[in-house]
Amino acid sequence: MRHALVVAAAIAASAQYAGAQALPNCDFVFENTPVTTLTRLAQPSGLYLTILGRGVVVSCAGQSNRISADSAEFNEELGLLLLIGRVHYTEPQATIDSDRMTYYRAEDRLNARGNVVATMSSGSVMRSPETDYFRAVVGRPVSRTVAIGRPQLSLVEPGAGGGAVEPVVVLADRIVLVGDSVVYASRRVDITRTSVRANSDSAFVDSQREFVRLMLSPVVTGRGERPFTLRGGVIDLHSRERKLERVLATPSGHVLSGDLELLADSIDLRLVDEQLQQAYAWGPGRARATSPDRDITADSIFVSTPNQRLREMHAVGDAFANSIADTATVTSNERDWISGDTIVARFDSAAAGDTTRAVPRDLIATGSARSFYQFGNPQGVRERPTVNYVRGRVITIAFADGEVSTVTVTDQASGVYLEAESLTVIPLARPGESAPQTPPRSPARPGTPH
């Protein structure tokens, strides 16, 4: 048993014995406790292997750090300090607790193993079975924490006005934390916050810029009153004052939110109070928006969803919309459709208080507009609907209770209105007889042969 000053003096003397060398970034000072034990074994190089027990306290000379443990072993020749049992490391930037720890003096790197808990000065906490902590020293101005073995990082971000908010939880096979704000996560990444969850194979997080990038099969799920799911090749998340404001997916964007499905090369979602309000879709592969009974395709699509309720769609560039014919009065394999340079569709909730689906209020096609709609005929025979095909500069279709009510054509109007006159079933032709007259075909949809 020896006093701490005796231990420190003995180790310093052995370093002088080895000859004058440039000091590493950390020059160990063994403060220890009144009951610390010391055993020193000479090595062939003339340096010593020092074994300490019954409580060890170590620091770096002139630096604000400190390590305590049950026991330690210091190999002067290798520059390794091994600490065992209830290891506790502190410095202004971080605190690390573990079962074992090795300090590599040449690298100023701490390797902690067993129940590792690393707490940053910001309050962020990393838990893992093994962590390497690279201290901030000359030539490395920012610390780096590397955790493996499926670590979990609770990333604390200062809230608006300096108040604390719920941390972002990052789970992955490997996490690298640069300083206390930049995160690189790889393999089976799971990022969770109050209103959103993100999964990918690789992720980058910059909490100061409030930016997240997800790569390799990313998926983002909004967990508000009406959740949404977004997929894409790469997904970027932008926040302000710790609230998610924008999510961008490209390429192969695909979003599903309640009664709206949107597909395009690029999809840009805008949120207010972390609720989906607007969506933009565009790209060379065309954009497509689908609601329960209607499809819209165009070069680009804008969707308005205030309070996450579908209200408007704007389809721009060779726009085409189709829907199922009124099944209450018509039985037909043909779908109703409308086309134009631009289509605007407006929707209402199905009923007061019903937000599970949206029903169309009107459709407006502008620029070389065409439409084809089917109605129940006056005799009530579902298999022989009345057909209305019109063309014009602007076509407005109004709906009542979700079904076509009126069709209004403005400028350059022309079209065909066909109504069945006879309800007699036309029999099939027998051999040697003339074939029965067939009803006129429906007009070809845009982009199909006539």
Filter segment 269-279 for residues that are surrounded by fewer than 19 Cβ atoms within 10 Å (Cβ to Cβ) and more than 15 Å from the chain's Cα centre (by Cα); which is nearest to His254 (Cα to Cα)? Gln278
Taking the options Ser304, Ser257, name whichever one is of a type in the set (Gly, Ala, Ser), touching a helix residue (DSSP H, G or I) at 6+ places or on another chain (Cβ under 7 Å), within 29 Å of Arg193 (Cα to Cα) and outside the structural domain of Asn388 (by TED's automatic domain parsing). Ser257
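In segment 251-268, which residue that is within 14 Å of Arg309 (Cα to Cα) and under 17 Å from the mean Cα position of the chain (by Cα) is modelled with the lowest pLDDT?
Restricting attention to segment 251-268, the residues satisfying the condition of being within 14 Å of Arg309 (Cα to Cα) are 256-261.
Those still in the list that are under 17 Å from the mean Cα position of the chain (by Cα) too: 256-257.
Values: Leu256: 90, Ser257: 81.
The extreme case among them is Ser257.
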Among (1) more than 23 Å from Ala328 (Cα to Cα); (2) part of a strand (DSSP E or B); (3) modelled with pLDDT under 85; (4) not basic (Lys, Arg), which single condition is Val404 missing? (1)
Give Ile395, Ile343, Ile338 a once-over and let me know the one that is over 39 Å from the mean Cα position of the chain (by Cα), modelled with pLDDT of 85 or more and assigned to a strand (DSSP E or B). Ile395
Within segment 92-113, is there a residue that is in a loop (DSSP other than H, G, I, E, B), farther than 17 Å from Ser59 by Cβ, aliphatic (A, V, I, L, M) and not assigned by TED's automatic domain parsing to the domain that holds Ser59? yes
Mind checking which residues of segment 29-42 are modelled with pLDDT under 90 and out of contact with any helix residue (DSSP H, G or I) (no Cβ under 6 Å at 6 or more places or on another chain)? Thr33, Pro34
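Inspect all residues belonging to segment 357-374 and state whether any of them is closer than 24 Å to Val247 by Cα and assigned by TED's automatic domain parsing to the domain that holds Val416. Talk me through it step by step, then tell me what you get.
Of the residues in segment 357-374, the ones closer than 24 Å to Val247 by Cα are 357-358.
From what's left, assigned by TED's automatic domain parsing to the domain that holds Val416: 357-358.
Looking for residues that are closer than 24 Å to Val247 by Cα and assigned by TED's automatic domain parsing to the domain that holds Val416, one finds at least one in segment 357-374, hence yes.
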With respect to Ile235, is the statement that it is crowded, with 17+ Cβ neighbours inside 10 Å and under 20 Å from Gln152 (Cα atoms) true? no
Give the number of residues within segment 102-138 that are at pLDDT 95 or above and of a type in the set (S, T, N, Q). 6
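Show me the strands (runs of 3 or more DSSP E) entirely contained within segment 221-315 in which 2 or more residues are of a type in the set (S, T, N, Q). Spell out the reasoning first.
Working: elements: 228-231, 234-240, 243-250, 253-257, 260-264, 266-272, 275-291, 294-304.
Per the criteria, 275-291, 294-304.
The values are calculated or read from the model by the stated rules, or taken from the named source; none is laboratory data. Every value quoted in this text rests on a predicted model; they were computed, and no experiment measured them. With ideal geometry, Cβ positions are generated from the backbone for all residues, glycine too; neighbour counts draw on all protein chains shown.
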